[in-house]
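Take a look at the structure set out below.
Just so you know, all these numbers are worked out from the coordinates, no wet-lab data involved. Note that the coordinates shown come from a computational prediction; the quantities given were computed from them, not determined experimentally. Ideal geometry is used to build each Cβ from the backbone, glycine not excepted, and the neighbour counts take in all protein chains shown.
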Amino acid sequence: MTKDGWVYLVQNFLGGGSAPSDIRKKYRKGIVSEYVGMSFNEAIVQIYLSTHDLDSLNSYVKVYATCAIATDTVWAKKYIAIPTTSSSKILQIPDNKAIRSVWLNTTTKTRCMYRKMDADQVYSALEVNTYLAEPRWDLLGERIYFSSHAGVSPYDVVTTATVKQIVPWSEFASDEDIQMPFESNNALFDSVVNKLRSMSPQDKIIDQNVVQPVTK
Amino acid sequence: MSLVTPKTAGFVNLSYCVNQFQLDRDDFSDRLKEKATQYAINIISKYNIFQSRNVEVAYLTIDANGVINLTTAGLTDYVDYVKVGIIIKGKLWNLSVNNKITLRRTEIPASEAVDIFNGTSRDDITDGYYYAGHYYNGIYNQAVYGYGGGFAKSYFRYDNESNEFQFDTAIPTTKIVLEYLSTGIKLTGATVIPRTYVDYVVSAIHDKFAFFDKKLTRGEKADFRQRFIEEENILENFDYKFDIQAYLDMSYASQHQGVKR
């Protein structure tokens, strides 16, 4: 089903007679889409937490093949910005596993290894730092930093990197086909409705100066 | 022996054990790789130092001050020395330790020691101390023996603080042969271990991870520990199988009053 298809499905429900009266015919498309997105992202994280199987989330992976590498002058480190362009950048899967892999675009593509932020100091004092030559990356804010580990220096000339990432709902185009998590359709639907019920419908907001929900 | 049908390698890299560990856990991400590799390095070092006594040989050159600095020489896996010898005219002479203690052993005059190192006398000794088999210049040296230490003025001392060997002034500043206890870890990334070690290393990594995992019960931790002990016993029994060579070595040592290992 496309992203729009999901939004229409919820809208149809809200417009029909089976919807509870307090939420019937009160939400615009943009708002519905935001709430479907929130529920969808939650569902993805929940699936990981209950199965610990990243492969079941492979249908939500996008590949960003040409992320430009820049230099952070404060830390003297190379980095790329998280390639997702939408408002929610990354799904909060533990150990930053939403970013499946980071590759430097050398001729054969060099895979980089994940290292927890600030683990540099510990590992540089251990033998493993000399033993494994792979460049490392860590995540700080909206940037993926490459480690200052010696293994990075041969790749100084590399200008772009590739990122494979499990993306949030907002990263899909409105006509893009999104697979629904198997057996989670009803739960997802219920979650959207519950979220909408806890939010005041727009026409009840008295103060017109408050920030309005985004209209799409 | 068949060269036609390929067999699995008898020796594997350390990363093979780490991959095996990931296979066991069904976790193929790179999140645990560094941690598991460091554990594997620790385990191999420990086994080599305390159980298997991994002895290696290095050829080093004494500088003008009679010093060999092991850090500068790149001998990162050095743990303790076993023997130090010096090559004079194709013969290997062992040197003695002198930690500022007078050595009451067979001594020869300093002048004669100088003669020996100049290659002019006492090259008729036929007995010696055995050096561990090793590669040098692409040739495997299986039967290298060094003549006994205990000459006057042929002393060396290991300086623990600065990781240096200090040699007596009578010793020419040439190449020496150092037999030393090694961690067995080559930090150039190519540590090769026998396949017999694999299960031991893998079970040891599992044991380490289980030990520090707060979510496991004591019973589950004990299971990992039990398996580790079993693998350790299997490996030790394999490494120290009593064979005819061990018997002959023992017999030789007691008959000849030579060095006892």
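Report, in degrees rounded to the nearest 10, the 0 to 90 angle that the Cα long axis of helix A:185-197 makes with the longest principal axis of chain A.
Roughly 70 degrees, rounded to the nearest 10.
Please average, across the residues of B:37-44, the number of beta carbons from any other chain that are within 10 Å of each residue's own beta carbon, and give a whole number.
Details: counts 5, 8, 1, 2, 5, 3, 0, 0.
That average works out to 3.
For residue B:118 and residue B:196, what does the FRET efficiency come to when R0 = 51 Å and r is the distance between their Cβ atoms, rounded to the nearest 0.05?
FRET efficiency, residue B:118 to residue B:196: 0.60.
For chain A, what is the relative contact order in percent, using Cα pairs closer than 8 Å and at least 6 residues apart in sequence?
It rounds to 33 percent for chain A.
List B:216, A:139, A:49 from most exposed to least, where exposure is judged by having the fewest other Cβ atoms within 10 Å. Numbers along the way, then the final one.
Working: B:216 15, A:139 20, A:49 10.
Arranged by neighbour count, lowest to highest, B:216, A:139, A:49 become A:49, B:216, A:139.
For labels at residue B:233 and residue A:195 in the simple 7 Å Cα→Cβ model, what's the distance in nm?
5.7 nm
With r defined as the distance between the Cβ atoms of residue A:21 and residue A:186 and R0 fixed at 22 Å, what FRET efficiency is calculated, to the nearest 0.05?
Calculated transfer efficiency: 0.55.
Residues with amide H under 5 Å of residue B:134's amide H, sequence separation 5 or more or different chain, H placed in the peptide plane at 1.01 Å from N; which?
B:141
Between residue A:12 and residue A:179, what length in nm is gained on full extension when 0.36 nm per residue of separation is reduced by their alpha carbon distance?
Taking 0.36 nm per residue and subtracting the Cα distance, the gain is 58.1 nm.
Pull up all non-local amide H partners of residue B:93: gap of 5 or more, or a different chain, and H-to-H distance under 5 Å with H placed in the peptide plane.
Amide H neighbours of residue B:93: B:86, B:87, B:88, B:147.
If each residue's Cβ is checked for other Cβ atoms within 10 Å, how do A:21, A:88 rank with the fewest at the top?
Ranked by crowding around the Cβ, least crowded first: A:21, A:88.
Distance cut-off 23 Å, Cα to Cα: go down the list B:46/B:175; A:77/A:116; A:25/A:195; B:83/B:208; B:33/B:214 and report the pairs above it.
Result: B:46/B:175; B:83/B:208 exceed 23 Å.
Hey, fewest Cβ within 10 Å first, where do B:165, B:28 land in order?
B:28, B:165
Return the long-range amide H neighbours of residue A:77 (sequence gap of 5 or more, or a different chain), with a cut-off of under 5 Å between placed amide H atoms.
It is A:72, by chain and number.
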